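Read the structure below first, then the notes.
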Amino acid sequence: MKTIFKTYGMLSNQELKQYEAWAIETEQDYYDNDELPSEETIYKCICADIDIGLEDEKYNLDKELEGNILCIASIGRWNGRFQGYKLLGNNLKEILQDFACDEFHIYFDGFNIKSEGWHHDGHNYIEFRETRTDKNLDNFLEIIYSGKELTRSIINYYTKSLKPYVKAIYGW
């Protein structure tokens with residue numbers, strides 16, 4: 001799994017320690033003595049760097065696609081899990097939305113771009129796919145909307161992986 005972007009709340013303990021060490025070193029340049037920056041200052045420094053990282057990834061992923069991006073989701077809500085979708089435009093950077101999640105992680109699993117996100121009701125899982133322009137997408141959207149089982153063959157029939165774009169951009 002290769003991370004494309006993650007918010008503060010999705011950082012592992014190791015990543016958080018690395019960020020904290022970097023933030024302390026960065027912020028100490030503004031102090032005349034050996035005083036450590038406050039936890040709030042460290043947090044703000046880390047969040048500012050994460051925001052810059054998001055803008056960098058938007059630049060990296062600014063790629064027009066042939067088809068639109070389809071988000072196929074398993075949505076965690078207060079009353080259970082539900083299947084859903086959202087149709088985006090045809091620019092790859094559109095995957096960098098928070099999709100109503102407080103914290104999220106967007107990554108490449110070797111085959112697809114996926115996202116995990118947390119919000120007040122639960123945990124969402126999203127797979128991003130490019131729509132095939134030669135297929136009737138309405139049929140596929142009805143399958144998703146009705147909650148019918150989504151097999152890999154059905155998904156592959158109506159959509160295609162974003163893998164070629166990811167490989168071209170990141171070399172993974």
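Laboratory data are not the source of any read-out in this text; all were calculated from the coordinates shown. Note that the structure is predicted; figures quoted are calculated from it, not measured. Positions of Cβ are backbone-derived with ideal geometry, glycine not excepted, and every protein chain shown enters the neighbour counts.
Points worth noting:
- Whether region 69-170 is rounded, prolate or oblate, judged on the alpha carbon gyration tensor where a/c under 1.5 counts as rounded: oblate
- Gyration tensor (alpha-carbon) shape descriptor, region 38-83, a/c threshold 1.5: oblate
- Cα gyration tensor, region 7-60 - rounded (a/c under 1.5), prolate or oblate: prolate
- Projecting the Cα positions of Ser74, Ile95, Ile169 onto the charge dipole of the chain (unit charges on Cβ atoms of Lys, Arg, Asp and Glu, taken about the Cα centre) puts Ser74 furthest along the positive direction.
- Sparsely packed loop sites in region 62-155 (the chymotrypsin sites (Phe, Trp or Tyr not before Pro) outside DSSP H, G, I, E and B with at most 13 other Cβ atoms within 10 Å) comprise Trp78, Phe111.
- Charge dipole (Cα centre; +1 on Lys/Arg Cβ, -1 on Asp/Glu Cβ; no other charges) of the chain amounts to roughly 1560 debye.
- Exposed loop sites were defined as GluC sites (Glu not before Pro) in DSSP loop states (anything but H, G, I, E or B) carrying at most 13 other C-beta atoms within 10 Å; in the chain the longest segment without such a site runs 67-148.
- Cross-link pairs Lys44/Lys93; Lys44/Lys163; Lys86/Lys167 - those with Cα-Cα distance over 30 Å: Lys44/Lys163
- Distance-filtered residues of region 79-122 - backbone nitrogen under 16 Å, label point 7 angstrom along Thr133 Cα→Cβ: 89-92
- Computed E for Lys167/His123 - FRET, C-beta separation, R0 35 angstrom, nearest 0.05: 0.80
- DSSP loop trypsin sites (Lys or Arg not before Pro) with at most 15 other Cβ within 10 Å: longest gap in the chain: 64-134
- Charge tally for Gly53 (other residues, Cβ to Cβ under 13 Å; Lys, Arg +1; Asp, Glu -1): -4.
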